[in-house]
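Since every read-out is calculated from the coordinates, none of them should be taken as a lab result. Keep in mind that what you see is a predicted model, and the values were worked out from it rather than measured. Cβ placement follows ideal geometry from the backbone for every residue including glycine, while neighbour counts extend to all protein chains displayed.
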Amino acid sequence: MDTLTRHLPRLRWHLMQWQQQLGFWGLLALGMMAAALLIEGAVIHPANVADNQRRAELQAGIAEQPQDVQVTEPAVVEKMPSAEDFAPRLEHLLGLFTQRGFIIAQTTLAYSAPGDTGLQRLDVEIPLTGPYQLLRDTLAQVAREPAVRIENLTLERKEITSGLLTISLKLSLLGVEE
């Protein structure tokens, strides 16, 4: 205790000298540097260490599990629906939407044959109006249909209080040409 009381006036004198030499802005800058170092040591560095540890654990877990690679064989193409079945398949898809209470406006159809693969593609643009609550389940059921892909989905709500959405949905149906 004697050493503290003996050196306290000298320490106070040095602090006053630094304050006079640095001025207000110098002390502010010194305080900001000290705060930055404190934040670096107390918050950022431990978070980086934890993040690196999690990343290493995830990479080790990924390295342990081999990925299942699916090779497209010609047999898969033979299992695809026929291009002649586009009409009943499209009616089934449109029926899914109407059964759930969606209002379908005029659809736009476009046929294409991508490359020399023996496939035919039907692009369908479907403007819909319906409730948001049923949309997710309906889209999940559409995605489970064979050789159907959801290409684009746009949602628009006219009023914030309205439960109905204006939906623009673009689907692709694939079929094998025979």
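So how strong a dipole does the range 83-176 carry about its Cα centre when Lys and Arg Cβ are +1 and Asp and Glu Cβ are -1, to the nearest 20 debye?
Values: 9 positive and 11 negative charges, 64 e Å.
Value, rounded to 20: 300 debye.
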Seminar exercise, completed: Computed over the chain: longest principal axis from alpha-carbon atoms vs helix 45-64 long axis, angle to nearest 10 degrees, is 30 degrees
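State whether the range 1-69 is rounded, prolate or oblate according to the following rule on the C-alpha gyration tensor (a ≥ b ≥ c being the square roots of its eigenvalues): a/c under 1.5 gives rounded; otherwise a/b larger than b/c gives prolate, and the remaining case gives oblate. Each step should come with its number before you reach the end.
On the way: a/c = 10.44, a/b = 3.05, b/c = 3.43.
Oblate, since a/c reaches 1.5 and b/c is not below a/b.
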For this session: Post the alpha-carbon centroid distance, the range 86-124 to the range 1-34, in whole angstrom.
Result: 78 Å
Exercise. What is the helix-to-structure angle for 86-99, meaning the angle in degrees between its Cα long axis and the longest Cα principal axis of the chain, kept from 0 to 90 and rounded to the nearest 10?
Worked result: 60 degrees
Problem set entry | Rounded tilt (10° steps) of 2-39 against the dominant C-alpha axis of the chain | 30 degrees
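Please give the contour-minus-distance gain from A110 to D2: 0.36 nm per residue of separation, less the Cα-Cα distance, rounded to one decimal in nm.
Numbers: separation 108, 0.36 × 108 = 38.88 nm, distance 9.40 nm.
Residue separation times 0.36 nm, minus the Cα-Cα distance, leaves 29.5 nm.
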